[in-house]
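This report refers to the structure that appears directly beneath it.
The values are calculated or read from the model by the stated rules, or taken from the named source; none is laboratory data. Computed from a prediction, not measured in an experiment: that's the story for all the values here. Cβ placement follows ideal geometry from the backbone for every residue including glycine, while neighbour counts extend to all protein chains displayed. Side chains included, ligands, DNA and RNA excluded: accessible areas come from the protein's heavy atoms. Shrake-Rupley method; radii C 1.70, N 1.55, O 1.52, S 1.80 Å.
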Amino acid sequence: MTLTDAPWSRRYRCRSCGAEHEPDAVRWRCDCHGVLDLVGGRVRFPLEEIRRRPRELWRWSEALPFDPGDPAPAAAAMGEGCAPAVTADLGGRPVLTTLEFASPTLSFKDRGAAVLVATASRLGARHLVADSSGNAGTAIAAYAARAGLRCEVFVAASTSPAKLAQIRAHRAEVHTIDGTREDVAAAAVERVQRSEAFYASHVWNPFFFEGTKTWAFEVLLAAAGVPDVVVVPVGNGTMLLGAARGFDELLTAGVVDRVPRLVAVQAAGCAPIHAAFTAGADEVRPTSNEGTVAEGIAIAAPPRGTQCLEAVRRSGGAVVAVDDDDIAVARAELASQGLYVEPTAAAVAAAVGLAGPGDADAVVALPLCGAGIKSPG
Ligand SMILES: [Zn+2]
């Protein structure tokens with residue numbers, strides 16, 4: 001293995017000014033305050049070998065940012081990834097769904113949290129700070145507990161009680177903030193700057209997408225090929241940007257010859273990316289949260305919003321918005337087929353039924369991201 005092929009040849013590159021930085025335990029954005037992407041490091045997909053490995057996201061080791069024998073992943077891992085893939089009938093068409101809610105903390109965020117916490121350990125961090133609308137904080141808290149790291153989680157006071165109880169159960173220090181999602185993030189950043197903790201942000205830290213990208217790899221195997229359309233919920237875009245990165249890596253490695261159209265789903269009550277998409281704008285501007293049951297995607301000022309918009313457009317996809325009534329109908333429809341998910345997760349099903357992405361014969365895949373018990377009702 002040459003130096004440039006080594007997993008740790010990966011570097012941060014700023015999306016705003018292009019500056020590159022070595023990953024370390026304290027950097028989470030560029031000096032210019034731009035968001036960072038991960039560049040460098042060659043990925044490989046020895047599929048026959050991968051299929052024989054245990055069913056967890058770590059089977060994709062040649063595409064993950066760890067050296068062989070690094071103990072950090074094993075110290076954090078709990079068998080995440082490789083969610084069951086089942087077909088559901090949505091809007092009268094068969095759709096491939098992956099049951100992300102069957103993950104250790106009951107949401108897809110485990111994919112990103114496992115990789116991000118292992119990265120924090122690899123970089124020598126002992127103290128993590130995260131902010132979240134619920135599921136990401138839960139996942140970071142759980143994996144930090146697993147890896148023996150101290151963890152503080154900032155959440156809005158309005159966060160579902162079930163999610164708060166789950167975070168506390170993992171012995172994270174919970175700080176509830178009266179204010180918007182942006183106020184919560186600002187409080188976390190202030191804490192990071194005062195303590196020099198590792199900012200375990202699923203929004204800012206690009207290592208999170210190294211975990212969520214494995215969803216694309218697994219969909220490829222489950223669908224026995226590249227689906228025509230994938231439909232994902234989008235607030236901060238952790239699932240969307242992970243999926244886009246995953247399919248791009250498969251394309252670059254020559255495993256596939258095309259990528260799916262990405263359909264991003266927002267809640268109508270808080271839809272800044274949808275607003276930019278429908279206006280034909282190049283940049284996502286902050287909006288306000290008018291209220292929605294889909295708390296996991298109610299992000300009024302997503303730091304990577306423009307990046308999400310670019311990923312959707314590059315794929316030939318679309319951004320759609322669904323209202324709370326549509327989400328409720330879709331949630332009930334999924335439950336009637338045995339799949340009990342939280343409202344945020346049901347939004348994607350609502351989008352299939354309403355927007356009907358692609359032609360009638362298109363192969364559609366979507367993640368069912370969070371368990372219904374996180375937000376009962
Ligand atoms: Zn910069």
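Selection within region 21-31: residues that are within 12 Å of the ligand (Cβ to nearest atom) and either assigned to a loop (DSSP other than H, G, I, E, B) or among the acidic types (Asp, Glu) (or both). The member of this set that is least open to solvent (accessible area, probe 1.4 Å) is 30. Taken over region 79-96, the criterion of being in contact with a strand residue (DSSP E or B) (Cβ under 9 Å, 6 or more places away or on another chain) and open to solvent by 40 Å² or more (accessible area, probe 1.4 Å) is satisfied by 84, 85, 86, 87, 89, 94.
Filter region 242-301 down to residues that are among the β-branched types (Val, Ile, Thr) and part of a helix (DSSP H, G or I) and give me whichever is farthest from residue 132 (Cα to Cα).
Among them, the one singled out is 252.
Please indicate, with yes or no, whether at least one residue in region 64-78 is open to solvent by less than 30 Å² (accessible area, probe 1.4 Å) and free of Cβ contacts under 8 Å to residues at least 40 places away in the same chain. For region 64-78, residues open to solvent by less than 30 Å² (accessible area, probe 1.4 Å) and free of Cβ contacts under 8 Å to residues at least 40 places away in the same chain: absent. Sub-6 Å Cβ pairs linking a first residue in region 216-233 that is within 14 Å of residue 47 (Cα to Cα) to a second residue that is part of a strand (DSSP E or B), at least 6 apart or interchain, are 219/365; 222/85, ordered by first then second residue.
Give 18, 34, 112, 81 a once-over and let me know the one that is more than 16 Å from the ligand (Cβ to nearest atom), in a loop (DSSP other than H, G, I, E, B) and either without any contact (Cβ under 8 Å) to a residue 40 or more places away in the chain or closer than 27 Å to residue 137 by Cα (or both). Answer to the check: 81.
Evaluating residue 132 against the criteria (1) open to solvent by less than 10 Å² (accessible area, probe 1.4 Å); (2) of a type in the set (Ser, Thr, Tyr); (3) modelled with pLDDT of 95 or more leaves one unmet condition, (3). Within region 38-51, one or more residues are within 16 Å of the ligand (Cβ to nearest atom) and among the aliphatic types (A, V, I, L, M). For region 303-329, name all the residues that are of a type in the set (A, V, I, L, M) and more than 17 Å from residue 349 (Cβ to Cβ). Scanning region 303-329 gives 309, 311, 312. Checked against (1) away from the ligand (no atom under 16 Å from the Cβ); (2) open to solvent by less than 50 Å² (accessible area, probe 1.4 Å); (3) among the small types (Gly, Ala, Ser), residue 61 passes all but condition (2). Scanning region 164-194 for residues that are in a helix (DSSP H, G or I), touching a strand residue (DSSP E or B) at 6+ places or on another chain (Cβ under 9 Å), more than 18 Å from residue 304 (Cβ to Cβ) and of a type in the set (D, E, K, R) yields 168, 183, 191.
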